[in-house]
């Protein structure tokens, strides 16, 4: 894909902020929220919902591999899938809140245009689905949701005047997510890690959707 180097730069820049996450600022237990993997504002993410999402990825990985050895290799490459999936589910809701505060919305037409552009770059719809599964752990049925989230992050950065190619711009973007995270009072089940409000991140998680945030800005004029 033509944007591969762009994604890599973005991932390195923003993963650094996540990797630096410090002590937990909030966590919840089973007694407070039975059956909940996390509570974000007035929304519960249940353990069953989380396990279902993880199952979607594993099923897609199984379908995309030719034998047990290849499948086991794919599983080994996503060993923290449950925790990283929960992180993404929580952060998507935080992003929604921050976007609503900034008056940002993404239209169906924008998603379709974004997808068509990526499919062209990837070499077709099937190639794009395979790439998103392999690189980002996004199963085919979640691809459109993921593209919406990536567009939303791009538009939020633009609305905030945040240049994501430099540290100051990144700081502005993450401050907005931190504010939203605090307002939502993210409550994470400790079996899945801890949530750092300041960095709006689970302590040891990655953030697949931020890989595209600066892609448009990094393209040659």
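General remarks:
- Single residue of segment 32-64 satisfying the filter (without any contact (Cβ under 8 Å) to a residue 60 or more places away in the chain and part of a loop (DSSP other than H, G, I, E, B)) that is nearest to residue 89 (Cα to Cα): 42
- Meets criteria (farther than 30 Å from residue 74 by Cα, touching a residue at least 40 places away in the same chain (Cβ under 8 Å) and surrounded by fewer than 20 Cβ atoms within 10 Å (Cβ to Cβ)) for residue 161: no
- Of all residues in segment 119-139 being in contact (Cβ under 8 Å) with a residue 60 or more places away in the chain and either more than 15 Å from residue 85 (Cα to Cα) or touching a strand residue (DSSP E or B) at 6+ places or on another chain (Cβ under 9 Å) (or both), the one that is surrounded by the fewest Cβ atoms within 10 Å (Cβ to Cβ): 121
- Number of the condition not met by residue 48 [criteria: (1) out of contact with any helix residue (DSSP H, G or I) (no Cβ under 6 Å at 6 or more places or on another chain); (2) under 23 Å from residue 150 (Cβ atoms); (3) at pLDDT 95 or above; (4) surrounded by fewer than 17 Cβ atoms within 10 Å (Cβ to Cβ)]: (2)
- Residue match in segment 77-100 (condition: over 18 Å from the mean Cα position of the chain (by Cα) and either surrounded by fewer than 16 Cβ atoms within 10 Å (Cβ to Cβ) or in contact (Cβ under 8 Å) with a residue 40 or more places away in the chain (or both)): no
- One residue from 21, 36, 32 being at pLDDT below 85, over 26 Å from residue 121 (Cα atoms), in contact with a strand residue (DSSP E or B) (Cβ under 8 Å, 6 or more places away or on another chain) and surrounded by 16 or more Cβ atoms within 10 Å (Cβ to Cβ): 21
The values are calculated or read from the model by the stated rules, or taken from the named source; none is laboratory data. Bear in mind that the values here come from a model prediction, so they are computed numbers and not experimental data. Because the Cβ atoms are built from the backbone with ideal geometry, glycine has one as well, and the counts that use them run over all protein chains shown.
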